[in-house]
Amino acid sequence: MFVRAYLRASTEDQNAQRARSDLEQFAAGHGLHIASWYVENESGATLKRPELFRLLADSHPGDVLLVEQVDRLSRLNAADWASLRAEIHARKLRVVALDLPTSHNLINAGDEFTGRMLDALNGMMLDMLAAIARKDYEDRRRRAAQGIQKAKQEGLYKGRRPDDARNAAILDMLDRGSSWSQVCAATGASRSTLSRIVKAHARTASAAA
């Protein structure tokens, strides 16, 4: 049995590695070692997640797919979630989520009957939490759209503004010799965000030269 940990954040500005220490502590507490990590910045509302499907392709029957929360695995609509669940089931993976205590028992399921009962119970809980995650996603999008529409009507909407203070701090840390990993850990920014900031700064400096 291999434990394969999946970490996801929705946007490039978010740190997908945020929950890594929580997963490591959970694994250690259950006498497990995480064999491989799969990390990406993609929306949980889409099936277009290369790292998740690389994890599935690498997996073997009985492996554990470890996530912090069920919504890291899915904010999918019903049809897409059914497709993903079918893929997970076909590969005979055990989905273990830190926020789903019933799933923790799957790590040491024991005999076949107990394993099947736990798998059935966990499947129902997964379906419920996946539905809740999808509703939360849709509610957030609706509220955001309503807020933007109201701001537009009042002439207040100016779109998303860059975090100039954070970007300046990142550039300063890099200038002082901090590594990208150190900057990501200190600021919560992803490596892709750092790359974008560095490239934008280089373009600005080149234009001013």
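Somewhere in region 31-51, is a residue free of Cβ contacts under 8 Å to residues at least 12 places away in the same chain and within 15 Å of the chain's Cα centre (by Cα)? Checked against the condition, which is being free of Cβ contacts under 8 Å to residues at least 12 places away in the same chain and within 15 Å of the chain's Cα centre (by Cα), region 31-51 yields at least one hit.
Give region 70-109 a look and list any residue that's under 15 Å from the mean Cα position of the chain (by Cα) and buried (at least 17 other Cβ atoms within 10 Å of the Cβ), or say none. The answer is 70, 71, 72, 73, 74, 75, 76, 95, 96, 97, 98. Looking only at residues of region 5-22 that are at pLDDT 90 or above and crowded, with 21+ Cβ neighbours inside 10 Å, we find that the one that is farthest from residue 66 (Cα to Cα) is 9. In summary, no helices (runs of 4 or more DSSP H) completely within region 161-209 bear 3 or more residues that are touching a strand residue (DSSP E or B) at 6+ places or on another chain (Cβ under 7 Å) and at pLDDT below 80.
Looking across 190, 206, 179, 195, one residue alone is surrounded by 15 or more Cβ atoms within 10 Å (Cβ to Cβ) and either touching a residue at least 40 places away in the same chain (Cβ under 8 Å) or hydroxyl-bearing (Ser, Thr, Tyr) (or both). It is 190.
Confirm whether residue 140 is among the charged types (D, E, K, R) and in contact with a helix residue (DSSP H, G or I) (Cβ under 7 Å, 6 or more places away or on another chain). Against the criterion (among the charged types (D, E, K, R) and in contact with a helix residue (DSSP H, G or I) (Cβ under 7 Å, 6 or more places away or on another chain)), residue 140 does not qualify. Is it the case, given these coordinates, that residue 58 is surrounded by 14 or more Cβ atoms within 10 Å (Cβ to Cβ), modelled with pLDDT under 95 and not polar (S, T, N, Q)? No, not satisfied.
The values are calculated or read from the model by the stated rules, or taken from the named source; none is laboratory data. The structure displayed is predicted, hence computed values, not measured ones. All Cβ positions, even for glycine, are placed from backbone atoms using ideal geometry, and neighbour counts span all protein chains on display.
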